[in-house]
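Readers should treat all values here as calculations from the given coordinates under stated rules, not as data from a laboratory. Note that the structure is a prediction, hence the values are computed from the model and not measured. Here Cβ is always computed from backbone atoms with ideal geometry, including for glycine, and neighbour counts include all displayed protein chains.
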Amino acid sequence: MNARAAAAIALAGFWWAATGAAAREAAAQEAHEGQVLVEALGCAACHAGVPGGEAIREVAPPFGDGAAPMAPAYIFHYMADPQTVRPDIAPARMPRYELDERQRVALALFVTNDREMRGVDDALREAMARHADADRAEGAALFETLNCAGCHVHPEAQSRVTAPDLSLTGLRVRPEWLTGYLANPVTIRPAGPAPGEGGQMPDFRLDPAEAASIADYLLELEGPDGADPPAEVADWEPQALSPFAMQKAGTLLRNRWSCLGCHQLGEDGGRIGPGLDGVAQRLRPGYVRAIMQDPAHLAPGTIMPASLAQPDRLDLIASFLLGRNSEWAGSEPVPDLPAPPTATAPGAALYAARCAPCHGVGGAGDGFNAPFLPVTPTVHADSAAMSLRPDDTLYDGIHAGGWILGKSHRMPAFGASLDDGDKRALVAYIRTLCRCEGPAWSRDGRRSR
């Protein structure tokens with residue numbers, strides 16, 4: 001190699017190194033801008049895994065007694081189309097929520113008080129007449145559902161982290177999907193992040209550069225407090241399934257396994273978890289498989305049970321979902337969700353989270369997810385029917401799912417997700433709903449287990 005060729009190679013290497021360094025610096029700058037936006041917008045008011053939960057509360061106006069008076073008509077109109085009224089706090093801003101007229105009336109009644117009711121215009125007065133039964137209590141419930149207290153201090157409301165942890169976003173979602181979702185958010189979980197409690201991702205009206213910056217920042221996060229990513233999220237590629245295998249997987253999903261008890265696929269399936277259409281556009285392949293194998297590890301607090309433990313099932317279903325030619329379009333929110341119960345009795349909180357979405361808060365078989373199931377869920381409040389079932393039968397159904405009792409296969413098996421004490425607590429709580437015991441022969445002379 002002559003000197004001229006060596007110099008050319010050295011110059012090319014220097015150029016590539018400089019270009020790479022510049023690209024890395026630009027990416028780091030964009031991610032930093034994303035972090036600034038995340039903190040300013042108050043994402044941590046709802047989401048764990050990101051900083052800045054308190055910053056937004058310093059600039060968002062407080063409500064209730066002791067706060068500056070605010071006319072109800074202003075709140076009513078402002079929530080229909082939030083506009084920038086305080087450019088001095090930018091980039092913080094009020095996001096847009098999809099609220100109907102009744103909801104805006106109820107919120108206006110809650111965040112204002114009696115002395116401010118003089119601030120009513122004709123539009124609000126007419127809306128109040130159309131929704132005469134909308135009251136302050138309804139507004140308080142909506143204020144809590146939307147976690148308004150995450151940004152706005154109110155003496156009658158507490159902030160709470162309600163939305164998914166963002167610290168492992170990069171392991172879950174595809175970058176191009178995330179950028180598009182931030183720019184135009186739609187409903188992912190039809191009944192809310194905590195199923196049954198409602199809530200929605202608001203629209204911050206991000207411009208393309210803002211959405212890209214936030215996406216870059218979230219995709220670089222490496223887990224809670226900098227922890228190593230879970231080993232289970234390994235690189236994995238879906239199998240190329242034959243037409244027969246695709247049909248087999250679809251048949252098993254609909255007619256044998258429990259997935260569609262909670263998830264919607266096409267027009268079929270429940271409304272508890274995210275829909276399964278368009279999974280390939282939204283999620284990384286490795287995550288799709290891993291979340292089915294060990295949901296509690298990847299999403300702490302989830303109610304999703306690990307029902308597909310066998311590796312061949314995991315590969316088949318993950319490959320099927322990722323291989324379907326379906327578009328991601330989000331989900332329709334479940335309307336008119338009942339108020340979450342106040343859980344006090346042993347097993348009540350477990351029942352509210354795991355059972356009430358289908359069986360109903362009071363065990364009447366009327367949970368918000370019941371209309372989307374092929375059969376009516378068991379009525380746990382039916383003392384005549386439940387008194388014929390031994391405690392062991394109830395335990396088996398919780399542990400192994402409905403199919404073990406000859407009931408609906410869409411009742412999932414919680415055996416791998418709940419310990420023995422949890423399952424026995426659920427059995428005991430079901431007994432309080434039916435106000436009954438099992439058959440005398442099953443109790444062996446004892447009144448309880």
If all Cα-Cα distances of the chain are sorted into 10 Å bins from 0 onward, what percent lands in each bin, rounded to whole numbers? 4, 17, 25, 23, 17, 8, 3, 1, 1, 0
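Sort the following peptides by mean Cβ neighbour count (other Cβ atoms within 10 Å, averaged over residues), highest first: 425-432, 329-336.
Per-residue Cβ counts within 10 Å, averaged per peptide and sorted highest first, yield 425-432, 329-336.
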Per-residue HN-Hα couplings for segment 59-76, Karplus 6.51 cos²θ - 1.76 cosθ + 1.60 at θ = phi - 60°, whole Hz, x for Gly and Pro? 10, 6, x, x, 10, x, 4, x, 8, 4, x, 9, 5, x, 4, 5, 4, 4
Determine the dipole magnitude for segment 348-443: charges of +1 sit on the beta-carbon of Lys and Arg, -1 on that of Asp and Glu, nothing else is charged, the reference point is the Cα centre, and the result goes in debye to the nearest 20. 120
If amide H atoms are modeled at 1.01 Å from N in the peptide plane, then the residues at a separation of 5 or more from G362, or on another chain, having amide H under 5 Å from its own are none
Sequence-distant residues sharing a close amide H with R96 (under 5 Å, placed H): D203, F204, R205
Taking 0.36 nm per residue of separation between R443 and R205 and subtracting their Cα-Cα distance, the length gained on full extension comes to 79.6 nm
Can you order the peptides 235-241, 361-367, 211-217 by their average number of other Cβ atoms within 10 Å per residue, highest first? 211-217, 361-367, 235-241
Please list, ordered by chain and number, the residues whose modelled amide H lies under 5 Å from the amide H of V173; skip anything fewer than 5 residues away on the same chain. R284
Along segment 174-189, Karplus-curve 3J(HN,Hα) (6.51, -1.76, 1.60; θ = phi - 60°) to the nearest Hz, with x for Gly and Pro, reads 7, x, 5, 5, 4, 4, x, 5, 5, 6, 8, x, 10, 6, 9, 9
Contour excess over end-to-end distance, with Cα ends at A48 and Q310 and 0.36 nm allotted per residue: 91.2 nm
Ordering of 57-68, 96-107 by packing [mean C-beta count within 10 Å, highest first]: 96-107, 57-68
Based solely on its DSSP helices, what 222 nm [θ] is calculated for the chain when runs of n ≥ 4 H residues each add -39,500 (n - 2.57) and the sum is averaged over all residues, nearest 500 deg cm²/dmol? -12000 deg cm²/dmol
Taking θ = phi - 60°, what integer Hz values does the Karplus form 6.51 cos²θ - 1.76 cosθ + 1.60 yield along segment 34-45, in sequence order, with x for Gly and Pro? x, 5, 4, 5, 4, 5, 5, 7, x, 4, 6, 5
Please flag any cysteine in the chain that has no other cysteine's Cβ under 4.7 angstrom from its own Cβ. C43, C46, C148, C151, C259, C262, C355, C358
Any chance you could tell me what percent of the C-alpha pair distances in segment 56-150 go past 20 Å? 34
